[in-house]
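Student: Before I ask anything, let me first share the structure, which is written out below as structure tokens.
The values are calculated or read from the model by the stated rules, or taken from the named source; none is laboratory data. Just so you know, these numbers come straight off a predicted model, no measurement behind them. Cβ placement follows ideal geometry from the backbone for every residue including glycine, while neighbour counts extend to all protein chains displayed.
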Amino acid sequence: MNEKDWDRDQPRQLLKAIVAHGAPRVPKETLMDALWPEERPDSAGKNFKTTLQRLRRSLEPWMDGEFGSSYVHVDDHSVGLDPELCEVDLDLFFSFVRKGEEYQKAGDPKAALTAYNQALDLYKGDFLPEEVYAPWADMKREQMRQKCVEILARVCKLYETLGAVRKAIEGYRKAIEMDPLMEEFYQKLMTLYFNRGMLNDALRVYEECKKALRSGLKTTPDPVTIALYSKVREKLGPA
């Protein structure tokens, strides 16, 4: 849809809120609290009803009044997007994650990797980055980011299990980009570099870790990281 297709900004906000809270079925009260948190219930209800009608008209200008919307379904207590007609990346992401978890539990690492990577391919960056002042968007944004970091960690471990060290290294690099304060990722990366004899790369990772922790947490690497660093220095020998 183009900008001109929207009937004001509120309908677009409502659509985003529906997606963020679970597209197939969202309680009306949840959406009203998200979009009109300071309004009285009766006023929020009126705003919701008007905005919902504008959303349906924005999505379907040709909508028949008696038939209703094909895309947005409403009952007495909830609103949702038609699961057959509306493909939501957020829902697909979690669907692939669930598949990956099932395959991993069943002992099929290759199938799990495929599903997890399909989920990661859908993640194009922060969820609704333009909604910087919406608490409901911020909560979902952080949930998505943390889930991606978690899935990346699983993917890296699976690659290690399968002996795909280069891909594991790439994965830990991506994980560090997303969460530069997760010290465990630096430790994993240093270990992989050490085992491949890439000692200078391992030292660079340590320095990156030290800088990130100092900048983000005002702290220093923990004893495990320091021990890894010492092991690398010992292997390199005198400078």
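Student: Evaluate the following for Gly80: is it modelled with pLDDT of 85 or more, out of contact with any helix residue (DSSP H, G or I) (no Cβ under 6 Å at 6 or more places or on another chain) and of a type in the set (Gly, Ala, Ser)?
Tutor: Criteria met by Gly80.
Student: Sticking with this structure for a sec: Look through Lys231, Lys218 and report the one residue that is without any contact (Cβ under 8 Å) to a residue 40 or more places away in the chain, surrounded by fewer than 16 Cβ atoms within 10 Å (Cβ to Cβ) and on the phi > 0 side of the Ramachandran plot. Spell out the reasoning first.
Tutor: On the way: Lys231 fails: on the phi > 0 side of the Ramachandran plot.
So the residue among Lys231, Lys218 that is without any contact (Cβ under 8 Å) to a residue 40 or more places away in the chain, surrounded by fewer than 16 Cβ atoms within 10 Å (Cβ to Cβ) and on the phi > 0 side of the Ramachandran plot is Lys218.
Student: Pairs needed: first member in region 10-38, in contact (Cβ under 8 Å) with a residue 60 or more places away in the chain and assigned by TED's automatic domain parsing to the domain that holds Tyr71; second member anywhere, assigned to a loop (DSSP other than H, G, I, E, B) and not aliphatic (A, V, I, L, M); C-beta distance under 8 Å; at least 6 residues apart or different chains.
Tutor: Lys16/Glu131; Ala20/Phe127; Ala23/Pro83; Ala23/Cys86; Pro24/Pro83
Student: How about region 49-71: which of its residues are among the hydrophobic types (A, V, I, L, M, F, W, C) and at pLDDT 85 or above?
Tutor: Once the filter is applied, which keeps residues that are among the hydrophobic types (A, V, I, L, M, F, W, C) and at pLDDT 85 or above, region 49-71 yields Leu52, Leu55.
Student: Another one. Identify, by number, the condition in (1) part of a helix (DSSP H, G or I); (2) surrounded by 14 or more Cβ atoms within 10 Å (Cβ to Cβ) that Pro180 doesn't meet.
Tutor: Pro180 satisfies every listed condition except (1).
Student: Out of the residues in region 11-29 meeting the condition of being part of a helix (DSSP H, G or I) and β-branched (Val, Ile, Thr), tell me which one is farthest from the chain's Cα centre (by Cα). Give the steps one after another, and end with the answer.
Tutor: Taking region 11-29 as the starting set, the residues that turn out to be part of a helix (DSSP H, G or I) are 11-22, 28-29.
Narrowing the set further to residues that are β-branched (Val, Ile, Thr) leaves 18-19.
Values: Ile18: 17, Val19: 13 Å.
Ranking the qualifying residues of region 11-29, first place goes to Ile18.
Student: Among (1) surrounded by 14 or more Cβ atoms within 10 Å (Cβ to Cβ); (2) within 13 Å of the chain's Cα centre (by Cα), which single condition is Ala112 missing?
Tutor: It is condition (2) that Ala112 fails.
Student: Taking the options Val132, Val165, name whichever one is β-branched (Val, Ile, Thr), surrounded by fewer than 18 Cβ atoms within 10 Å (Cβ to Cβ) and closer than 30 Å to Ala34 by Cα.
Tutor: Values: Val165 fails: closer than 30 Å to Ala34 by Cα.
Selected residue: Val132, the only one of Val132, Val165 that is β-branched (Val, Ile, Thr), surrounded by fewer than 18 Cβ atoms within 10 Å (Cβ to Cβ) and closer than 30 Å to Ala34 by Cα.
Student: Continuing with this model, one more query. For Arg154, state whether it is surrounded by fewer than 14 Cβ atoms within 10 Å (Cβ to Cβ) and modelled with pLDDT of 95 or more.
Tutor: no
Student: Suppose we filter Lys174, Lys188, Lys124 for residues that are without any contact (Cβ under 8 Å) to a residue 60 or more places away in the chain, of a type in the set (D, E, K, R), in a helix (DSSP H, G or I) and surrounded by fewer than 19 Cβ atoms within 10 Å (Cβ to Cβ); which single one remains? Quick ask: steps written out before the conclusion?
Tutor: Working: Lys188 fails: surrounded by fewer than 19 Cβ atoms within 10 Å (Cβ to Cβ); Lys124 fails: in a helix (DSSP H, G or I).
None of the other options fit; the residue is Lys174.
Student: Of these, Lys46, Lys4, which one is in a helix (DSSP H, G or I), surrounded by fewer than 16 Cβ atoms within 10 Å (Cβ to Cβ) and either at pLDDT below 80 or in contact with a strand residue (DSSP E or B) (Cβ under 7 Å, 6 or more places away or on another chain) (or both)? Give the steps one after another, and end with the answer.
Tutor: Working: Lys46 fails: either at pLDDT below 80 or in contact with a strand residue (DSSP E or B) (Cβ under 7 Å, 6 or more places away or on another chain) (or both).
Testing whether each residue is in a helix (DSSP H, G or I), surrounded by fewer than 16 Cβ atoms within 10 Å (Cβ to Cβ) and either at pLDDT below 80 or in contact with a strand residue (DSSP E or B) (Cβ under 7 Å, 6 or more places away or on another chain) (or both) leaves just Lys4.
Student: Which condition number in (1) under 25 Å from the mean Cα position of the chain (by Cα); (2) charged (D, E, K, R); (3) part of a loop (DSSP other than H, G, I, E, B); (4) at pLDDT 85 or above is the one that Glu87 fails?
Tutor: Among (1) under 25 Å from the mean Cα position of the chain (by Cα); (2) charged (D, E, K, R); (3) part of a loop (DSSP other than H, G, I, E, B); (4) at pLDDT 85 or above, the lone unmet condition for Glu87 is (4).
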